[in-house]
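K.L.:
Sending over a structure as structure tokens; questions will come in a sec.
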Amino acid sequence: MTIVWFRNDLRLHDNPAFYEAVKSGDRIIPLFVWSPEEEGRWEPGAASKWWLHHALFSLKEDLEKHGLYLVVRHDQALLSIRGLIEKNQARKVVWNRRYEPQIIARDTKVKAALKEEGIECQSYNSQLLFEPWTVLNREEKPFQVFTPFWKACLASPDPAPPLPLPPIQRDQGVRIPSVAIEELGLLPRIRWESGLAKTWHPGEKGAQKAVEHFAAHWEGYGVQRDFPGLEGTSRLSAYLHFGEISSRTLWHRFSSAEGFLRQLGWREFAHHLLFHFPEIPDHPLRPAFASFPWDPNKGHLHAWQKGMTGYPIVDAGMRQLWQTGWMHNRVRMIVGSFLVKDLLISWQEGAKWFWDTLVDADLANNTLGWQWIGGCGADAAPYFRIFNPVLQGEKFDPDGTYISRYIPELAHLPPPLLHQPWNSSEIVLGRDYPYPIVDHKVARERALKAFNSIKN
């Protein structure tokens, strides 16, 4: 009997651990363990928990169609696995690898303990195109710049084709008492998540539908993906994080979409960095930024979190995040720049807020994104590159479609005034819409002065 330990790989297609277990002919115990304390301080946030709740129901339903039955446990992973082994005489445990530092340490202990007890263990790659230790520079060291990293990836052998769903025998299933998914307490007690439910359909079926939807219009991806008012992005990030679709499935499906593959490359680079520099979720990769003179203004942070900064493109992004659990990538850069540079609030604060509110919150991607915009990470945007929120709005949301969608109180304004409502006689600042909480020109000079202080 084989235990298949599901983690961030909540799918049946192209799932190496599941494929090999089924192919062996053994009876199968599909297992999911909810053990947030083993995630350390990066326990999944509220939006991620909402997604996970529905993804687990979807996985349970998919398994049952094939005569397999998901077992859920709420305990430490090793204790949960040992309990199943003892009661069911399982002799093998398989899973797909994760790359977060805390999880690597936990999995290493689990594997060592089980092997010592005579249990066969095997782990596989289901999450990445290229595992972090397989792509190194000429000195056999990790890359810290994206372009040479991606060139090295492209020079490597292509990722293997995705695995099919293996033939499953009806007698491979085992019925075992399970904790009910509802008992995990993943849904919020105060039901704020209606916008998420209207926007997303977690699960492998939802991922496949999202792929087909993207396939219908991906030709415009390279041009349209920077404009948040257009439907120009794939919106696959949450499905990738929870493993409801594999990156190599997307690699082979969109092999001619160079711009999209490059975005998969940035995801690979994020995991590469996290694996080789496990301290970066909490500390800047560039040591000089450890002494950066941040201004921890709680009022400014709260205004940013609630989309009440007085800068329309920033507020639209933050309100989209709150309503849908997701934000357009171009706007993530704009709101990140505003927090770190206009407000001088640390990138760690931004990373924490995104961690709790994004359905696609991923430790590697979240860390890379915030250190990139903060100028303190690998291949980062220079700190002195400070986005002007008005110009960014005018450039990437020229007709105001995006801003009007999330800031209805400004929707009646024509585009020039929509981006600068303080110039409109129809808007009373402080009543209809907030005053800008900082003057961008003054804030920019303050940020440059702070940056120069650590340079010197």
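No value in this document is a laboratory result; all are computed from the given coordinates. Quick caveat: nothing in here was measured; it's all calculated off a predicted structure. Positions of Cβ are backbone-derived with ideal geometry, glycine not excepted, and every protein chain shown enters the neighbour counts.
K.L.:
Counting Lys and Arg as +1 and Asp and Glu as -1, each charge on the Cβ, what is the dipole of the chain about the Cα centre in debye, to the nearest 20? Mind showing how you got there, number by number?
P.N.:
Numbers: 52 positive and 52 negative charges, 52 e Å.
The calculated dipole for the chain is roughly 240 debye.
K.L.:
What does the convex hull of the alpha-carbon atoms of region 287-455 project to on average, in nm²? Walk me through the intermediate numbers first.
P.N.:
Details: hull surface 37.0 nm².
For the Cα atoms of region 287-455, the hull's average projected area reads 9.2 nm².
K.L.:
Sort Trp294, Trp326 by Cβ crowding within 10 Å, fewest neighbours at the top. Each step should come with its number before you reach the end.
P.N.:
On the way: Trp294 16, Trp326 22.
Neighbour counts put them in this order, fewest first: Trp294, Trp326.
K.L.:
What whole-number value in cubic angstrom gives the convex hull volume per residue for the C-alpha atoms of region 61-146?
P.N.:
Values: hull volume 13.4 nm³, N = 86.
Convex hull volume per residue, Cα atoms: 156 Å³.
K.L.:
Taking a ≥ b ≥ c as the square roots of the Cα gyration tensor eigenvalues, with a/c under 1.5 meaning rounded and otherwise prolate when a/b beats b/c, else oblate, which class fits region 260-341? Can you show the working numbers first?
P.N.:
On the way: a/c = 2.56, a/b = 1.25, b/c = 2.05.
Cα axes put region 260-341 in the oblate bin.
K.L.:
P(r) of region 75-212 in 10 Å steps, Cα pairs, percent per bin?
P.N.:
Reading upward from the zero bin: 8, 22, 31, 27, 11, 0.
K.L.:
Given H placed 1.01 Å from N in the peptide plane, which residues other than close sequence neighbours of Cys121 have an amide H under 5 Å from its amide H?
P.N.:
When sequence neighbours closer than 5 places are left aside, the close amide H contacts are Val93.
K.L.:
Dipole of region 1-127 (Lys/Arg Cβ +1, Asp/Glu Cβ -1, origin at the Cα centre): which of Pro36, Cys121, Pro101 lies farthest to the positive side?
P.N.:
Going by the charge dipole, the pick is Cys121.
K.L.:
Moving to a separate point now. Can you give the helix-only mean residue ellipticity at 222 nm for the chain, where every DSSP H stretch with n ≥ 4 adds -39500 (n - 2.57) and the sum goes over all residues, rounded to the nearest 500 deg cm²/dmol?
P.N.:
Details: 20 runs with 204 residues, N = 456.
Mean residue ellipticity, 222 nm, calculated: -13000 deg cm²/dmol.
K.L.:
In addition: Take the alpha carbon atoms of region 168-229, find their center, do the same for region 315-336, and report the distance between the two centers in whole angstrom.
P.N.:
Each part's Cα centre sits 19 Å from the other's.
K.L.:
Can you give the extra length, in nm with one decimal, that the chain gains between Asp432 and Leu391 once fully stretched, where that is 0.36 nm per residue apart less the Cα-Cα distance?
P.N.:
12.5 nm
K.L.:
How much length, in nm to one decimal, is gained on full extension between Ile104 and His201, taken as 0.36 nm per residue of separation minus their Cα-Cα distance?
P.N.:
Details: separation 97, 0.36 × 97 = 34.92 nm, distance 2.93 nm.
Here the segment from Ile104 to His201 would lengthen by 32.0 nm.
K.L.:
What distance in nm separates the simple spin-label points at Arg27 and Trp192, each placed 7 Å from Cα in the Cβ direction?
P.N.:
Calculated label separation equals 4.6 nm.
K.L.:
What's the FRET efficiency of Ala216 with Ala288 using the Cβ-Cβ distance as r and R₀ = 60 Å, to the nearest 0.05? Can you show the working numbers first?
P.N.:
Details: r = 47 Å, r/R0 = 0.78.
The computed FRET efficiency comes out at 0.80.
K.L.:
Scaled to the compact-protein estimate 2.2 N^0.38 Å, what is the alpha-carbon radius of gyration of region 1-127, rounded to two decimal places?
P.N.:
Values: Rg = 13.9 Å, N = 127, 2.2 N^0.38 = 13.9 Å.
Normalised Cα radius of gyration, region 1-127: 1.00.
K.L.:
So, counting K/R as plus one and D/E as minus one, what does the shell of residues with Cβ under 13 Å around Lys65 add up to?
P.N.:
That sum, taken over residues with Cβ under 13 Å, equals -1.
K.L.:
Give the lysines reachable from Lys395 as a straight Cα distance under 19 Å; neighbours fewer than 8 places away on the same chain don't count.
P.N.:
The qualifying lysines are Lys441.
K.L.:
Separate question: What percent of all Cα-Cα pairs in region 143-184 falls into each 5 Å bin, going from 0 up to the bin containing the maximum distance?
P.N.:
Spelled out bin by bin, region 143-184 gives 5, 13, 10, 9, 9, 10, 8, 8, 16, 11, 0 percent.
K.L.:
In addition: Out of residues 5 or more away from Glu244 or on other chains, whose amide H comes under 5 Å of its own, with H placed 1.01 Å from N in the peptide plane?
P.N.:
Leu10
K.L.:
Can you put Val428, Val211 in order, fewest other beta carbons within 10 Å first? Before the final figure, lay out the partial values.
P.N.:
Working: Val428 10, Val211 18.
Sorted ascending by nearby Cβ count, the order is Val428, Val211.
K.L.:
A follow-up question, please. In nm², what is the average projected area of the convex hull enclosing the Cα atoms of the chain? Before the final figure, lay out the partial values.
P.N.:
Working: hull surface 91.3 nm².
It is 22.8 nm².
K.L.:
For Asp439 and Lys298 in the same chain, what is the full-extension length gain: residue separation times 0.36 nm, less their Cα-Cα distance, in nm? Spell out each step's value before the answer.
P.N.:
Values: separation 141, 0.36 × 141 = 50.76 nm, distance 1.76 nm.
Full extension of this stretch gives 49.0 nm more.
K.L.:
Another question, if that's okay. Distance check, please: which entries in Lys23/Lys87; Lys65/Lys92; Lys115/Lys141 exceed 27 angstrom between their Cα atoms?
P.N.:
Values: Lys23/Lys87 23 Å; Lys65/Lys92 24 Å; Lys115/Lys141 31 Å.
Cα-Cα > 27 Å for Lys115/Lys141; rest within.
K.L.:
Follow-up question, since we're still on this one. Rank these for me by crowding, Glu39, Glu117, going from fewest to most other beta carbons within 10 Å. Let's see the in-between values first.
P.N.:
Working: Glu39 14, Glu117 9.
Ascending number of Cβ neighbours within 10 Å: Glu117, Glu39.
K.L.:
Classify region 179-337 as rounded, prolate or oblate, taking a ≥ b ≥ c as the square roots of the eigenvalues of its Cα gyration tensor: rounded when a/c is under 1.5, otherwise prolate if a/b is larger than b/c and oblate if not.
P.N.:
On the way: a/c = 1.39, a/b = 1.22, b/c = 1.14.
Verdict is rounded for region 179-337.
K.L.:
Let me ask another. How charged is the neighbourhood of Met327? Take every other residue with its Cβ under 10 Å from the Cβ of Met327, and add Lys/Arg as +1 and Asp/Glu as -1. Mind showing how you got there, number by number?
P.N.:
Values: positive: Arg319, Arg330, Arg332; negative: Asp360.
Counting the neighbours of Met327, the net charge comes to +2.
K.L.:
Let me ask something else. Going Cα to Cα from Lys298, which lysines come in below 20 Å? Please leave out same-chain ones fewer than 8 positions away.
P.N.:
The qualifying lysines are Lys306, Lys341, Lys352.
K.L.:
Right, next: Region 243-340: which GluC sites (Glu not before Pro) are DSSP loop and have at most 16 other beta-carbon atoms within 10 angstrom?
P.N.:
Values: sites: Glu244, Glu258, Glu268, Glu279; in loops: Glu244, Glu279.
Answer by residue number: Glu279.
K.L.:
Additional query: For the residue pair His276 and Asp171, what label-to-label distance in nm results when each label sits 7 Å from Cα along the Cα-to-beta-carbon direction?
P.N.:
Placing both labels 7 Å along Cα→Cβ, they lie 5.1 nm apart.
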